[in-house]
Amino acid sequence: MQTLIEGVQPYVTTIATAAVGVLTTVILAGLNTVKVKVNTWLEARTTAAQREVIHKIAGEGFAFAQTAFKEAGGERKLQEALQYTTLRLAEQGITVSVVELRSAIEKAYLEYSSKTKAIVTESQPNEEATQAAAKEAVSSLAAQVTAILSQATGTDTVVSGKPETVQDTAPVAQTVTD
């Protein structure tokens, strides 16, 4: 009995894998059909100009909530942005579902987040490079000041951990004996 099960098992696995593949294909085809129908429905409900206005006003709503309610939590900011956007769109005569408004505001948030992250990552290397250059300039200035002081005093000094000696290069007076 055990050998029969071991002999049939590869066939059962192959059939199950094929069935899962066919099921996945059917599901993906169904989702694609639904996607096309939703896009067609959205295009029928809103024109391109209206969608542009919706996204612009949603961006304004996000900016308003972000600046006016700095201390509030994310959900409160979202509610304020939804309220602002709904009122502004009503003034324009555009009616949109809350889900569509929320998605437009979320899109504005994601665009804002990606821009601020790009700015932060771009500015960090410049700040580090500026700090390194400043440290190098200060070290160079300190070395020059030390060299000038040592020349003026005629003493040995230590610069950057290496002893630097100042030698007297004046000619030595020789005495002539007759």
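The values are calculated or read from the model by the stated rules, or taken from the named source; none is laboratory data. Everything quoted here is computed from the prediction, not taken from an experiment. In this analysis, Cβ positions are derived from the backbone assuming ideal geometry, glycine residues included, and neighbour counts consider all displayed protein chains.
For the range 66-76, the set of residues classified as assigned to a helix (DSSP H, G or I), more than 12 Å from residue 108 (Cα to Cα) and under 21 Å from the mean Cα position of the chain (by Cα) consists of 67, 74, listed by residue number.
When residue 95 is tested against (1) surrounded by 10 or more Cβ atoms within 10 Å (Cβ to Cβ); (2) part of a helix (DSSP H, G or I); (3) at pLDDT 80 or above; (4) not aromatic (Phe, Trp, Tyr), only condition (2) is not met.
Residue-by-condition table, conditions (1) exposed (fewer than 10 other Cβ atoms within 10 Å of the Cβ); (2) outside any helix (DSSP H, G or I); (3) of a type in the set (S, T, N, Q):
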{"residue": "4", "(1), (2), (3)": "yes, no, no"}
{"residue": "15", "(1), (2), (3)": "no, no, no"}
{"residue": "33", "(1), (2), (3)": "no, no, yes"}
{"residue": "42", "(1), (2), (3)": "no, no, no"}
{"residue": "61", "(1), (2), (3)": "no, no, no"}
{"residue": "78", "(1), (2), (3)": "no, no, no"}
{"residue": "83", "(1), (2), (3)": "no, no, yes"}
{"residue": "99", "(1), (2), (3)": "yes, no, no"}
{"residue": "116", "(1), (2), (3)": "no, no, yes"}
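Residue under question is residue 56, and the condition is that it be modelled with pLDDT under 85 and among the charged types (D, E, K, R); does it hold? Taking the combined requirement at face value, the residue does not satisfy it.
Restricting attention to the range 34-61, the residues that are more than 17 Å from residue 97 (Cα to Cα) and under 22 Å from the mean Cα position of the chain (by Cα) add up to 1.
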